[in-house]
Amino acid sequence: MAAAGQPPGYVVDDEAFRALVVAADPPRRLHTGLTWAEGPVYRPATDDLLFSDVPGDTMWRWSATAGAEVYRRPSQFANGSTLDQQGRVVTCEQGTRRIARTEPYGSVVGVVGHFGGARLNSPNDVVVRSDGTIWFSDPDYGILSNEQGYQAESELGHCYVFRFDPRQGRLSVVADDLVKPNGLAFSVDETVLYVTDSAVTHDPDGPHHIRAYDVVDHATLVNSRVVAVVEPGWPDGLRVDAQDHLWVSSGEGIQCYTPDGRLLGRIRLPEIAANCEFGGPDRNQLFITATSSLYLAPLRVAGAR
Ligand code: MG
């Protein structure tokens, strides 16, 4: 599926892509030796990146000064993470089947793990809106086997996208039309939510696309539509830049789309990519978790917010 061994580089599908990347500065590998790298989150306060090795049950920390070191092990099969409005790390734990938050002094507290009395499947990726609400996907990858969690039957019988309001302690389903919802990101003005569906991982006829939804009253989603079918492979994590482009993982690296789904170009990597995250002091460094390795691609555009 992925062109294994292909050298890192850029592929221009639309001339507009040239203004977004630094052609003379191809992506470089920062660290390797992981099982399945995922869930990168950049922390401006410490200028470092946390990311997960999901089957390795470990969260890692990478910084330019210290390189990669273990941040948390066991990690409860942590997958995606993000920061909340206070800069705290909010993490999807596939092992405990909950959303958890790391407090400033390092303790980990549960945020939400049940819906209507049923356990969540295995939260996969998460984003916090500027109003403090926590939006996350809940596919069943973590309960299908013991590789990325603990095998179990789904208590929900479906894979939803949820919105959690911490002030009200209220969890709501916001999308139920994805088979295996995965990565998610808001547009710059937070009026659109993008969610990937990676169901082709377990069904050759399953979706491998990005859906977009309009956000109504800060709380519900309407006007579900497919904006891009991602090939080769499937879309997992995605991020939005300050110009509203979508940067999404695929079997060949990272692909860059306009909000209406026009492919502008690709960051080609020798490994299947799972996720990406904007970081660095100017927020224009794209960190990419790709199978066994962490890569960095310097861009000419910064991440949103
Ligand atoms: Mg994911």
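Annotation note: Cβ proximity below 7 Å between a residue of the range 64-91 that is of a type in the set (Val, Ile, Thr) and a residue that is open to solvent by 70 Å² or more (accessible area, probe 1.4 Å) (sequence gap 6+ or interchain) occurs for no pair. When residues in the range 263-280 are screened for being touching a residue at least 40 places away in the same chain (Cβ under 8 Å) and part of a loop (DSSP other than H, G, I, E, B), 6 of them pass. Taken together, 156, 193, 221 contain a single residue that is out of contact with any Gly (no Cβ under 6 Å at 6 or more places or on another chain) and within 16 Å of the ligand (Cβ to nearest atom), which is 193.
Per the listing 271, 277, 252, the residue uniquely buried (at least 17 other Cβ atoms within 10 Å of the Cβ), of a type outside the set (A, V, I, L, M) and more than 16 Å from the ligand (Cβ to nearest atom) is 252. The criterion of at least 2 residues that are within 16 Å of the ligand (Cβ to nearest atom) and open to solvent by 10 Å² or more (accessible area, probe 1.4 Å) is met by none of the strands (runs of 3 or more DSSP E) falling completely within the range 1-107.
Tell me the residue from 214, 260 that is in a strand (DSSP E or B), open to solvent by 30 Å² or more (accessible area, probe 1.4 Å) and more than 17 Å from residue 136 (Cβ to Cβ), please. Only one candidate passes the filter, namely 214. In a residue-by-residue description of the range 282-295, the property of being aliphatic (A, V, I, L, M), over 29 Å from residue 59 (Cα atoms), open to solvent by less than 30 Å² (accessible area, probe 1.4 Å) and outside any loop (DSSP other than H, G, I, E, B) applies to no position.
For the range 60-87, the tally of residues that are touching a Lys or Arg at 6+ places or on another chain (Cβ under 9 Å) and under 21 Å from residue 138 (Cβ atoms) stands at 4.
The values are calculated or read from the model by the stated rules, or taken from the named source; none is laboratory data. This is a predicted model, so every value here is computed, not measured. Counting neighbours? That spans all protein chains shown, and the Cβs are built from the backbone with ideal geometry, glycine included. Protein only, heavy atoms only, side chains kept; ligands, DNA and RNA dropped before computing areas. Shrake-Rupley method; radii C 1.70, N 1.55, O 1.52, S 1.80 Å.
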